[in-house]
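Structure record follows, encoded as structure tokens.
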Amino acid sequence: MTQNISQRSAGLRHLPTGFGLAIVATALVATASLSRAQDSGALIDKLVQKGILSSKDADEVRTEIQQDAAQSQIGKIALSNSVTQLRLYGDLRLRWQYNDSQQQIPDGNNVSQQSRWRYRLRLNADWQLGNDWFAGVQLQTGQAADSGNQTYSNGFNNDSIFISRAFLGYQNDWLKIIAGKQANPFYTTDLVWDPDINPAGLTETIALHKMPLFGGSAGPDGKDGISVPTHVSPWEATLVAGQFIFGDNNEFSNTGDLSSDPWIFDEQLIVKYNFNKDTSVTFAPGFLVESAGHVSGALDSLPFTDAGAISSGTTAVQTTVQNANQVQISYDAKGVPTKTITPLTTTTTTQTTITPNNRTVGSATVSGPRTITSTAASGRNGGVITLTGKASGLATDPSKANQTTTSVQTTQKQTVSTTNNVTLPGITGETRALHILTAPGDISFKLGGIKTKLYWDVAYNLSGRDRFDNVYELKDFGSRPYKTRDGLSWLVGLQLGETKKKGDWQAYINYREVGIASIDPNLNDSDFGLSALNTRGFKIGLAYALTDFVVLNATGYITWNLDDNLYGGRATSAGGIAPYNAANEVQLDVNIKF
């Protein structure tokens, strides 16, 4: 190849100046139509150094390139000198969606049903800034963090567009740092993180297997500073860390959790072993911690936000006041009687609490959470009266010598009944008590020539009991005490095929169980169980690539409650995070990428 280039250069030198200049200009102008003019400038400078072009000819070529570029369509797009590459892309999804649900606590409706026509539009722009720096922006429909869906409006009203990503990053051979609102960098399923959420903050990704310390890069080889690997290892290990700001509270106007900004700290080690190009195993243990802070204004599908005090059921109080006299009659050794009269007042209080959303027919509760009944009694003695001999009104009786009898004589009884509303205390730290161990992974292989993946995910909240008892207030206002499964979520699934080009297909199914105190209800998948916790069930999907850029997709969710005896507290009260006995959803999509 070097010899051919030298021969062409030599031949070009012997061409008439105008003819050679025309050839060079034509080639460079063609190049300029596909890239920026300054990129061609480096080539012109090299041709001058080789003696192929004179300085005068080079200036003429540059002028011609600039004129041609300005007249072309691409030339009308002016980019900053700092931008070395710009990528524009996006996708449009058209969806018909149906969902139904049954309330954990019946509300008078047998089933709640809904069907909607919806769409999602996402527009992306990524900038490469030199060799190491980059930036990006994404615009999309829908303001909620966990969904870009926009339901078609009434009366053909126009819809809003929102900034869903805006970030700046730095990257070298083994390190990537991104600041801003960005795509989720973690290896995860939709068990803990909804795939539509773009967290805001700082992330660091370290490809350990590419670091010189671990034999990934041997350093410059002396040829234009290019690094070369020492060997190809089947192992890959990547450390990912994220520090995300989840809210902004005024630390000067409030105290406690109300003044604290909620943060999410997530760390994960992704380890992958490649047996060959088609077979691999991935395991990615991690630890997600959230600082205690107040969450306000979240727009998720079923958010746990602004959890102030709310009315939650009723308390019936019945108070009975009974006045009586305790009479004691005793005889001495000669049978002389003594009567002792002690006035008594006994107050008995019976309190019956029916926790949230009960329905009653007459005086009977026909549905709703547990009824809690407690009884307390207290007594008070009055002044004692003692009468002896004839004053007691009793005759002397030697046959009753040294005997004593006691009796109670009721004089008055009064009962008063009242009914009070039960109020759940406000929660100021919605992110409190979340210390979650995560362990997603997969085994990828080919089955009959079809790409296949067996995948799983596990999440266990080390502070599950605290969150169950105190954040969701289920200890004092719930139907039962904490169970270990309340702090655990897990998922297992199977995927066949992929949709990369026309004619490709994909099918998958997974089953999961989601404990009420196991994960953050502001982060989990908005579609599975309609985003509710205390849920289990199946997600089933089928996709077909109609073209390289159009994919048809059908997804179904069949879910029901993990524990049908869990209600009360922040589970089923107004704004509760586990309101459903069952929830189902069907989505039919047309996805267009551009």
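The values are calculated or read from the model by the stated rules, or taken from the named source; none is laboratory data. What you see is a predicted model; the values in this text were computed from it and never measured. With ideal geometry, Cβ positions are generated from the backbone for all residues, glycine too; neighbour counts draw on all protein chains shown. SASA here: full protein model, heavy atoms, side chains in, ligands and nucleic acids out. Shrake-Rupley method; radii C 1.70, N 1.55, O 1.52, S 1.80 Å.
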**Request:** Go through the stretch 286-311 residue by residue and tally those that are open to solvent by 40 Å² or more (accessible area, probe 1.4 Å) and over 30 Å from GLY441 (Cβ atoms).
**Result:** 6
**Message:** I'd like to check something: does the stretch 410-431 contain any residue that is modelled with pLDDT of 85 or more, farther than 30 Å from GLY293 by Cα and either assigned by the TED database to the domain that holds LEU269 or surrounded by 13 or more Cβ atoms within 10 Å (Cβ to Cβ) (or both)?
**Reply:** no
**Asked** Is it the case that the stretch 539-547 has a residue that's open to solvent by less than 30 Å² (accessible area, probe 1.4 Å), more than 25 Å from GLY441 (Cβ to Cβ) and among the aromatic types (Phe, Trp, Tyr)?
**Response** no
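From the list GLY180, GLY148, which one is open to solvent by less than 30 Å² (accessible area, probe 1.4 Å), within 29 Å of PHE246 (Cβ to Cβ) and either part of a strand (DSSP E or B) or not assigned by the TED database to the domain that holds ASN553 (or both)? It would help to see each step written out before you state the result.
Numbers: GLY148 fails: either part of a strand (DSSP E or B) or not assigned by the TED database to the domain that holds ASN553 (or both).
Answer to the check: GLY180.
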**Asked** If you scan the stretch 443-484, which residues turn out to be crowded, with 21+ Cβ neighbours inside 10 Å, part of a strand (DSSP E or B) and either modelled with pLDDT of 95 or more or outside the structural domain of SER573 (by the TED database) (or both)?
**Response** ASP457, ALA459, ASN461
**Fill in**
Of the listed residues (TRP117, TRP127), the one being out of contact with any Asp or Glu (no Cβ under 7 Å at 6 or more places or on another chain), among the hydrophobic types (A, V, I, L, M, F, W, C), buried (at least 18 other Cβ atoms within 10 Å of the Cβ) and modelled with pLDDT of 95 or more is TRP127
**Complete:** For the stretch 495-515, pairs from a residue that is under 22 Å from ARG485 (Cβ atoms) to a residue that is open to solvent by less than 40 Å² (accessible area, probe 1.4 Å) and among the acidic types (Asp, Glu), with Cβ under 6 Å and 6 or more apart or across chains, are GLY515/ASP486
**Prompt:** Can you name the number of the only condition in (1) within 30 Å of SER489 (Cβ to Cβ); (2) open to solvent by 50 Å² or more (accessible area, probe 1.4 Å); (3) not acidic (Asp, Glu) that ALA241 fails?
**Reply:** (2)
**Unmet criterion (only one of (1) assigned to a loop (DSSP other than H, G, I, E, B); (2) under 21 Å from the mean Cα position of the chain (by Cα); (3) closer than 23 Å to LYS272 by Cβ) for ASP173** = (2)
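Return a yes/no flag: does the stretch 79-92 have any residue that is within 30 Å of ALA179 (Cβ to Cβ) and modelled with pLDDT under 70.
At the first step, the residues of the stretch 79-92 found to be within 30 Å of ALA179 (Cβ to Cβ) are 79-92.
The next check asks that each one be modelled with pLDDT under 70; those that pass are none.
No, because not a single residue in the stretch 79-92 is within 30 Å of ALA179 (Cβ to Cβ) and modelled with pLDDT under 70.
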